[in-house]
Amino acid sequence: MTTQTSRPEPKRLFIKTYGCQMNVYDSERMRDVLRPLGYQPVDTADNADLVVLNTCHIREKATEKVYSELGQIKKLKEAAGGKMTIAVAGCVAQAEGAEIMRRQPAVDLVLGPQAYHKLPEMVARASRAVGERLETEFETLEKFDALPKAREADGPTAFLSVQEGCDKFCTFCVVPYTRGAELSRPVDDITLEARSLAAQGVREVTLLGQNVNAWHGAAPKLEGGEEWGLGKLARHLARIGGFDRIRYTTSHPRDMDDDLIAAHAEVPQLMPFLHLPVQSGSDRILKAMNRGHTAEHYLDIMRKMRDARPDMALASDFIVGFPGESDQDFEDTMSLVREVGYAIAYSFKYSARPGTPAADMFGHVPEEVKDERLQRLQALLRDQQASFNASKIGETIPVLVTGKGRNPGQLHGRSPWMQAVHFDAPESLMGQIVDVKVAGATLNSLAGEYVAAVEVA
Ligand code: 5AD
Ligand code: SF4
């Protein structure tokens, strides 16, 4: 005898995520809101019932890539006799809106980053062929409130969104236009989600925000109700227990305060890794970028961080060839990189984004000059990354085991400094923190020998 239940029919959900960790997080939340409707994640668009492209607008040609991907998915939809709902989410959706609908009629839904909680309703309407085909909005406050509080964690690491949006208006960047104003999530909401993640076995949590260190909020009444910054939030999350590791990304130099730096000295769970984009080492260019700080101010933060936590691994983003960047400006960037010594950094050629102030500036740098500068910068950054990794050889380091390696018996995990670490050990150690003695290092990872499981207090 079969029992009738009200469980919805299983349906196949394929989400393709482009861009930043914020999007990775948003995709997870979309999976969460769709799960009660019976949507199970699958890893290909073939035969999917719902395909979501969670797009990123930060770099050039992003929009064209989305249209070409949509062209491919349209073919799959046709092959499925039209039985597929196609949704475009994220920043390209926010920026392009109705234009996407016009250019690609196979698209059913367009939703901006603030509308994910409405996804189930929109999907239901679209599949009933009501013809609801558009939704983009900037209702930021509603978003955090409406998403389900209890998330399903997947493995020992998780993201927790604490802040959204950006008010910095760097002159090259589209994010303030696509993601809206800075908004901090209240402490109680964060605490609830953190407890739920910890209860599901998450060992390492990464607090997310476009300007995560701009996060601020009122402390719980029991703790005095005073205004907290990210340092206090990190201490609070360490205190409520459950996590062995706490990270946060991405920060802005203008929002870096002494309390957050001090927290790195005081809170053992706060991992020794700081991604603090500087973009350029030239004060003239920093000013034209509207970054709101000088190179010296940035270097000062980096020095204080290293004083607080001598093993701090430092990371950054760079743009070469910003309009007006002279040879000397670029040399200033190279000097800054030499002075800091990065564990890892991401570097890009400036690309004009329509609607941003820099796109209309004078002095656009020729492509071949940008190429040459990028190559020199990346060669230096690669050297630094390789020596940072090599500096761990011979050390025994704690590694959070995150998955199985390619060969049987192989596991991989993450070091406190965000390095991938490969080693042989029993699969039963998955999700635990283990000691690994590092024997070798490449540009992108470490290899070592399993020593023992670490007792965590
Ligand atoms: N051109 C090149 N790089 C850019 N970034 C953002 N906008 C642009 C642009 N117009 C880079 C910055 C930022 C990273 C996420 O992307 O370095 O920190
Ligand atoms: Fe873009 Fe600048 Fe905001 Fe970062 S801080 S998201 S680069 S405007």
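The values are calculated or read from the model by the stated rules, or taken from the named source; none is laboratory data. For clarity, every value in this text was computed on a predicted model and none was experimentally measured. Glycine gets a Cβ as well: all are built from the backbone with ideal geometry, and neighbour counts include every protein chain shown.
On the basis of being of a type in the set (Gly, Ala, Ser), in a loop (DSSP other than H, G, I, E, B) and within 16 Å of ligand 2 (Cβ to nearest atom), does Ser351 make the cut? So Ser351 fits the description; yes.
Please indicate, with yes or no, whether at least one residue in the stretch 283-292 is away from ligand 2 (no atom under 16 Å from the Cβ) and in a loop (DSSP other than H, G, I, E, B). For the stretch 283-292, residues away from ligand 2 (no atom under 16 Å from the Cβ) and in a loop (DSSP other than H, G, I, E, B): absent. If you check Arg35 against the conditions, is it of a type in the set (Lys, Arg), out of contact with any helix residue (DSSP H, G or I) (no Cβ under 9 Å at 6 or more places or on another chain), modelled with pLDDT under 90 and away from ligand 2 (no atom under 16 Å from the Cβ)? Against the criterion (of a type in the set (Lys, Arg), out of contact with any helix residue (DSSP H, G or I) (no Cβ under 9 Å at 6 or more places or on another chain), modelled with pLDDT under 90 and away from ligand 2 (no atom under 16 Å from the Cβ)), Arg35 qualifies. How many residues does the stretch 175-197 hold that are modelled with pLDDT of 90 or more, of a type outside the set (Asp, Glu) and in a helix (DSSP H, G or I)? Residues in the stretch 175-197 being modelled with pLDDT of 90 or more, of a type outside the set (Asp, Glu) and in a helix (DSSP H, G or I): 8 in total.
Once the stretch 354-371 is narrowed to residues that are part of a loop (DSSP other than H, G, I, E, B) and not hydroxyl-bearing (Ser, Thr, Tyr), the residue that is surrounded by the fewest Cβ atoms within 10 Å (Cβ to Cβ) is Phe362.
Would you call Glu266 surrounded by fewer than 21 Cβ atoms within 10 Å (Cβ to Cβ) and at pLDDT 95 or above? When the stated conditions are applied, Glu266 passes them. Cβ-Cβ contacts under 7 Å between residues 6 or more apart (or on different chains), taken from a first residue in the stretch 169-198 that is over 19 Å from Gln21 (Cβ atoms) to a second residue that is charged (D, E, K, R) and within 16 Å of ligand 1 (Cβ to nearest atom), are listed as Phe172/Arg353; Ala181/Asp167. Only residues that are touching a helix residue (DSSP H, G or I) at 6+ places or on another chain (Cβ under 8 Å) and either assigned to a helix (DSSP H, G or I) or not small (Gly, Ala, Ser) (or both) were counted in the stretch 217-238, giving 11. The single condition among (1) in contact with a Lys or Arg (Cβ under 9 Å, 6 or more places away or on another chain); (2) crowded, with 24+ Cβ neighbours inside 10 Å; (3) outside any helix (DSSP H, G or I) that Gln94 does not satisfy is (3). Checking every residue in the stretch 310-329 against the condition of being surrounded by fewer than 16 Cβ atoms within 10 Å (Cβ to Cβ) and farther than 21 Å from Phe172 by Cα gives at least one match.
Just one of the listed residues (Asp332, Asp317, Asp300, Asp311) is away from ligand 2 (no atom under 16 Å from the Cβ) and not in a helix (DSSP H, G or I), namely Asp311.
Determine whether the stretch 297-307 contains at least one residue that is within 12 Å of ligand 1 (Cβ to nearest atom), closer than 25 Å to Asp167 by Cβ, surrounded by 15 or more Cβ atoms within 10 Å (Cβ to Cβ) and not aliphatic (A, V, I, L, M). Scanning the stretch 297-307 turns up no residue that is within 12 Å of ligand 1 (Cβ to nearest atom), closer than 25 Å to Asp167 by Cβ, surrounded by 15 or more Cβ atoms within 10 Å (Cβ to Cβ) and not aliphatic (A, V, I, L, M). Filtering the stretch 237-254 to residues that are over 17 Å from the mean Cα position of the chain (by Cα), more than 23 Å from Leu192 (Cα to Cα) and buried (at least 19 other Cβ atoms within 10 Å of the Cβ) leaves only Pro253. Just one of the listed residues (Gly225, Gly201, Gly231) is over 17 Å from the mean Cα position of the chain (by Cα) and touching a residue at least 60 places away in the same chain (Cβ under 8 Å), namely Gly201.
Just checking, does the stretch 240-260 include any residue being touching a helix residue (DSSP H, G or I) at 6+ places or on another chain (Cβ under 6 Å) and of a type in the set (D, E, K, R)? Yes: the stretch 240-260 contains one or more residues that are touching a helix residue (DSSP H, G or I) at 6+ places or on another chain (Cβ under 6 Å) and of a type in the set (D, E, K, R).
If you filter the stretch 249-271 down to residues that are β-branched (Val, Ile, Thr) and part of a loop (DSSP other than H, G, I, E, B), you find that the one that is farthest from Met289 (Cα to Cα) is Val267. Screening Arg376 against (1) surrounded by 14 or more Cβ atoms within 10 Å (Cβ to Cβ); (2) over 29 Å from Val175 (Cα atoms); (3) of a type in the set (Lys, Arg) leaves a single unmet condition, (2).
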